[in-house]
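> Encoded as C-alpha cells, here's the structure I'll be asking about.
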Amino acid sequence: MVERFAEFKELKNIDKTTMISVLEESFRNVLAKMFGTDENLDVIMNPDKGDVQIFQNLEVVPDGEVTNPNLQISLSDARADDDPDVEIGEEHTKEIFFADFGRRAILNLRQTLQSKILDLQKEAIYDKFKELEGELVSGEVYQTWSRETLLLDDEKNELLLPKSESIPGDYFRKGETVLAVIHNVDNKNNNPKITVSRTSEAFLRRLFERDVPEILDGLIAIKAVARIPGERAKIAVESFDDRIDPVGACVGVKGSRIHGIVRELHNENIDVINYTSNPSLFIQRALSPAKISSIHLDEEEKKAEVFLKPEEVSLAIGKGGMNIKLASMLSGYTIDVYRDTPAEVDEDIYLDEFKDEIDGWVIDSLKDMGCITAKNVLNTPREILIEKADLEEETVDNVIRILKAEFEDDEPQAPADDAPDTAETPAE
C-alpha cells in the first residue's frame, strides 16, 4: 500500500491524505454491509506501515441476553477475549481481521475501492478543466463523427469538438493536432464532459496572446472582439505604452504575426483597430474602411445613426452586411446607415472650414465626439457638447454663435412690409 500511494499521486493525481480517506471509507462501506452498521467500528489506517486495523466496540451484556451479536457480547465471551476485568454495561473492544471474511469480502472491497478511485479521477478532471475554461488547448484527432470530433490531449483526456463549434471548412484527419479553447465543462452524473470550440471569440483572443508577446506581457490589451467564424473578424486593441503602436504590434512586420492566426482560422479576414473609450470615434473606426460624414448617438438606447456619402455606404455595410454587423457587435451599438443627399451636403459645412474663427484643438475635440460638420454641432444639445467634448461653457457658446451666424448669413432676407418704395438718395 505504501508503494501504491506514491503511484496514485503520480499517475492519478490523488494525494496520500485523500487516498487514505478513500481506503477508510471503502472498508467502512463493505463492513457496514456485513455487520449492518459501521457506527461501532473503528478503522485505523497506518500509511507508514502500509496496513489497516479494524476494531469492533461491543456492549457487554449478561450471558444469554445477546440480541444483536454485531452490537453486543456476553460477559463470559468478553472476559475470555483477553478482557478479564470487564463488567456488564461496559464496552469491549475486539480486533477484526478482514482477511478472515474470505474471498468474496475482499473482491467486494476491491470493487468499492475501484469505484471510488474512478469517481475521484473524474472529479479531479472536472476541477482541472473547469479552471481552464476559455484557455487554449491542443488535442490529437482520435475519431470523427458527423456531428462532433473526439480529441485526446497529452494526458489522454477526451475533448469534444462539436460541428457547431468548428470553423466552416474544418476537416480533420485521424492523428492530426487541433487547436481550440475549452468552451464548457460540466459534470452531469459525475461524468465530466469537456467541450472545446474554434468559433468563440475567446479562441481569437488566445491566438493573439500566443503570437503577440506584448499582449502576454500586458503592454497591449484586447478590449473587444467580434467574429463571423471563417469569414471575417474585428479586434480592438489598446496600448499602455505610448511607444508601442498596438495595431502594428499585432499585425507584425509585413503581417508576420497575423498571418499565422489567419492561416489557423482558414483565411478569416481580421481587422485590427485602435480602441477608444469615445463611442462615436470607436464606431467610426469599427466601420473602417468606410469614411463617415457624421454620426448621431443615443447612448441610452445604444443606437447610432451614421451618415455617409453615397459611395461610402457599400463599404460601411460590407459584403452580405458583414462589416456593419461586426461593427455593431464590436461597439455594442445598433448601427443604422443613412446616405447624405447632395442637398444635405451642400447645405452643411465641414468644421475644418472654420479654422480661421475656431481654434484647431476645439475643432478636434468636436470631431472626436463625432461632430464633423457644423450642423452636427448645432443639432447636438449644448450640455452634451460641454460634457463629451470636454469644453468650457463659454467656448461651446462661442462655437455655436459662430456656426449659427454662418447659416443665418446664407438665408435670404425677406423685404420688410414698411420698406420705402424708393431708395434713399445716398449721402454725398
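The values are calculated or read from the model by the stated rules, or taken from the named source; none is laboratory data. All of these numbers come straight from a predicted model, not from anything done at the bench. When we count neighbours, we look across all protein chains shown, and the Cβ atoms used for this are built from the backbone with ideal geometry, even at glycine. For accessibility, only protein heavy atoms count, side chains too; no ligands or nucleic acids. Shrake-Rupley method; radii C 1.70, N 1.55, O 1.52, S 1.80 Å.
> Does any residue of the stretch 62-75 turn out to be more than 30 Å from Thr18 (Cα to Cα), outside any strand (DSSP E or B), open to solvent by 70 Å² or more (accessible area, probe 1.4 Å) and touching a helix residue (DSSP H, G or I) at 6+ places or on another chain (Cβ under 8 Å)?
yes
> Being over 16 Å from Glu91 (Cβ atoms), part of a loop (DSSP other than H, G, I, E, B) and at pLDDT below 90 narrows it down to one of Lys49, Lys33, so name that one.
Details: Lys33 fails: part of a loop (DSSP other than H, G, I, E, B).
Checking each option against the conditions leaves just Lys49.
> For the subset of the stretch 97-123 comprising residues that are more than 23 Å from Asn189 (Cα to Cα) and among the basic types (Lys, Arg), which member is least open to solvent (accessible area, probe 1.4 Å)?
Arg103
> Which residue is farthest from Asn376 (Cα to Cα), if the candidates are limited to the stretch 293-315 and must be without any contact (Cβ under 8 Å) to a residue 40 or more places away in the chain and surrounded by 20 or more Cβ atoms within 10 Å (Cβ to Cβ)? First the steps, then the outcome.
From the stretch 293-315, those without any contact (Cβ under 8 Å) to a residue 40 or more places away in the chain are 298-315; that's our starting set.
Checking which are surrounded by 20 or more Cβ atoms within 10 Å (Cβ to Cβ) leaves us with 304, 306-308, 312.
Numbers: Ala304: 13, Val306: 11, Phe307: 11, Leu308: 13, Glu312: 19 Å.
So, considering only residues that are without any contact (Cβ under 8 Å) to a residue 40 or more places away in the chain and surrounded by 20 or more Cβ atoms within 10 Å (Cβ to Cβ), the one farthest from Asn376 (Cα to Cα) is Glu312.
> So, in the stretch 76-92, how many residues would count as being within 26 Å of Ser26 (Cα to Cα) and open to solvent by 70 Å² or more (accessible area, probe 1.4 Å)? Step through it out loud before you land on a result.
Pass one, the stretch 76-92, residues within 26 Å of Ser26 (Cα to Cα): 91-92.
Subsequent filtering for residues that are open to solvent by 70 Å² or more (accessible area, probe 1.4 Å) retains 91.
Counting residues in the stretch 76-92 that are within 26 Å of Ser26 (Cα to Cα) and open to solvent by 70 Å² or more (accessible area, probe 1.4 Å) gives 1.
> Yes or no: the stretch 79-102 includes at least one residue that is assigned to a loop (DSSP other than H, G, I, E, B) and closer than 30 Å to Val181 by Cα.
Of the stretch 79-102, the ones assigned to a loop (DSSP other than H, G, I, E, B) are 81-90, 97, 102.
After this cut, where a residue has to be closer than 30 Å to Val181 by Cα as well, the list is none.
For the stretch 79-102, residues assigned to a loop (DSSP other than H, G, I, E, B) and closer than 30 Å to Val181 by Cα: absent.
> Select from the stretch 133-178 the residues that are in contact (Cβ under 8 Å) with a residue 60 or more places away in the chain and of a type in the set (A, V, I, L, M, F, W, C) and write down the one among them that is least open to solvent (accessible area, probe 1.4 Å). Spell out how you get there, then give the answer.
The first filter runs over the stretch 133-178 and keeps only residues in contact (Cβ under 8 Å) with a residue 60 or more places away in the chain, leaving 134-136, 167-170.
Right, trim to of a type in the set (A, V, I, L, M, F, W, C) and you get 136, 167.
Values: Leu136: 57, Ile167: 4 Å².
Once the filter is applied, the top-ranked residue is Ile167.
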